[in-house]
1. Taking H placed 1.01 Å from N in the peptide plane, check which residues at least 5 places from residue 249 or on another chain put their amide H under 5 Å from its amide H.
2. So what are the ³J(HN,Hα) numbers for region 118-126, from phi and the Karplus equation (6.51, -1.76, 1.60; θ = phi - 60°), rounded to whole Hz, Gly and Pro as x?
3. Just rank 104, 121, fewest to most, by other beta-carbon atoms within 10 angstrom.
4. Find the relative contact order for the chain and round it to a whole percent, using C-alpha pairs within less than 8 Å whose residues are 6+ positions apart.
5. How far apart, in nanometres, would the label points at residue 49 and residue 417 be if each is projected 7 angstrom from Cα along the Cα-to-Cβ direction?
6. From the C-alpha gyration tensor of the chain, pull out the three semi-axes of the equivalent ellipsoid (sqrt of 5λ each), sorted largest to smallest, in whole Å.
7. With r defined as the distance between the Cβ atoms of residue 456 and residue 338 and R0 fixed at 35 Å, what FRET efficiency is calculated, to the nearest 0.05?
8. Please report how far the C-alpha centroid of region 373-406 lies from that of region 251-323, rounded to the nearest whole angstrom.
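None of the figures in this text is laboratory data; all of them are computed from the coordinates on show. Given the structure is predicted, the values throughout are model-derived calculations rather than measurements. Quick reminder, even Gly has a Cβ in these numbers, built from the backbone with ideal geometry, and neighbours come from all protein chains shown.
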Amino acid sequence: MRAGLPQTLAVLLLAACGEAPPEPVPADAPAPSVASASPVLKDSCASWAGLDVATLPPLPVTPYTATFEQVWRIVLEKHFDPTLGCQDWPARRLEFGQRLADAKDASAAYATMNGLLETLKQSHFKVVPPRSAAPAAAASGPARAPVHVRVIGDELVVVDAAVGGVDSGVPRGAVIVAIDGRPVAEIVAEVKAAALRDGEVAFQTSLAVEAALHGPVGAKRTISFKDPRKADTEVSREVSCVLPDGELVTIGNLHDIPTVVRYQMIAGTKVGQLAFNYWMLPMVQRVEAAMADLRAQGMTALVLDLRGNPGGVGAMSIPVARMLLTQPGSLGKLQFREFAQEFNVAGNPDAFTGPVVVLVDEGTASTSEIFAVGLRDLGRAQIYGGRPSAGAALPSLIEVLAGGAMLQYVVGDYHSSKGTVAEGDGVRPDVLVPETRDDFIAGRDPVLAAAVRALSTGGAAAKVPSP
């Protein structure tokens with residue numbers, strides 16, 4: 001039930017498009033529903049909102065100084081917190097501007113810019129180099145080798161062995177060792193070196209490996225893995241990249257994203273399972289049709305599977321929530337620098353009223369996290385998972401920079417209707433279900449099984465709250 005375009009790759013693909021949109025492209029912000037509000041400032045911290053940048057000293061001249069200055073200034077002007085987390089932002093400019101002068105090549109220069117962004121200690125901040133300076137995988141394309149992987153323990157384990165009906169030949173439960181000759185251990189080491197917190201290592205590792213598995217349609221990827229069918233003997237297999245089944249959606253600079261909606265009634269139960277791989281508004285009708293079909297088949301309880309869903313356009317969360325809420329409610333609030341925006345959901349008398357369980361994993365991020373925690377804090381869902389979600393829940397924009405690089409940057413802060421924060425530690429499951437590699441070798445899905453068991457026996461009691 002999982003298929004998707006990794007968030008990291010989605011951003012990298014933007015760099016390959018070579019287009020600059022007339023306005024910044026929303027990555028996660030929902031359609032405006034605005035109320036005037038002042039941002040919450042830290043009492044003892046200086047606001048940089050009125051800084052006169054013309055008074056700042058010049059930086060050392062390098063081929064990348066203009067891009068660096070643009071990154072620094074966009075954050076200065078557009079971050080939701082004008083204190084920039086109580087940082088001396090002009091001092092950071094001088095510090096990292098000098099490091100930029102010491103950069104020996106493009107890779108080091110862009111790493112310096114990302115180092116500046118890392119001082120903010122928030123998700124959704126990244127400079128993506130232009131195509132000429134990016135790794136080969138950055139412009140590889142939307143197709144993918146037909147496997148999905150997850151971090152289980154300390155290993156990259158294959159959890160789905162097919163995509164779009166195409167079997168990869170790499171078995172479930174296999175441990176990925178290398179992709180096109182590049183050791184996974186090397187990828188993991190790079191992720192750990194750049195990670196801001198332990199909780200994001202699994203998320204970023206999965207995204208990096210998924211990105212390496214992408215390519216143009218028909219491109220070959222050589223996957224080296226420990227084969228559980230052969231006593232974990234290491235073998236290699238060349239597989240072709242395929243497009244996942246589903247509609248291709250383009251939004252702004254994000255071109256031809258394969259969007260997938262899948263659903264089924266769990267055999268022998270009245271529990272329905274619904275999954276989609278991205279939050280894109282054109283998908284709403286397909287999700288509505290899936291819900292209608294499940295209800296027509298007699299569904300009395302729902303598993304909404306958001307595992308591996310890295311987010312998308314936040315506005316889609318509102319019509320999806322309306323399918324589950326008979327009474328009006330809020331999924332939470334986004335606080336921007338100069339206004340606040342509520343995820344207000346109108347009550348729907350025809351909404352599904354049975355209990356709901358939302359599934360999360362380390363690949364559940366952004367809009368998926370906002371939806372999950374918002375629905376839980378309304379008392380409408382319980383959350384099951386093998387681990388917390390990614391903790392990357394802040395809304396962001398994407399802009400083209402001088403020289404063709406692209407910047408993704410945060411513009412808002414999120415809190416649920418009860419003040420819950422998803423950023424950082426992620427959405428913690430109400431029911432934590434242990435997962436092992438042996439489960440996937442045996443074809444088991446312990447998280448789904450636990451949710452279905454609870455829903456079938458009345459153990460998951462998140463029904464429609466009383467008005």
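1. Placed amide hydrogens put 256, 257, 259 under 5 Å from residue 249.
2. 5, 5, 6, 6, 9, 6, 6, 10, 6
3. Details: 104 7, 121 13.
Listed from fewest to most nearby Cβ atoms, that is 104, 121.
4. Numbers: 1076 pairs, mean separation 93.1, N = 467.
Relative CO of the chain lands at 20 percent.
5. Once both label points are built, they end up 2.9 nm from each other.
6. Details: eigenvalues 254, 172, 68 Å².
After diagonalising the Cα gyration tensor, the semi-axes are 36, 29, 18 Å.
7. On the way: r = 49 Å, r/R0 = 1.39.
With R0 = 35 Å, the Cβ-Cβ based efficiency is 0.10.
8. Between the Cα centres of region 373-406 and region 251-323 lies a distance of 17 Å.
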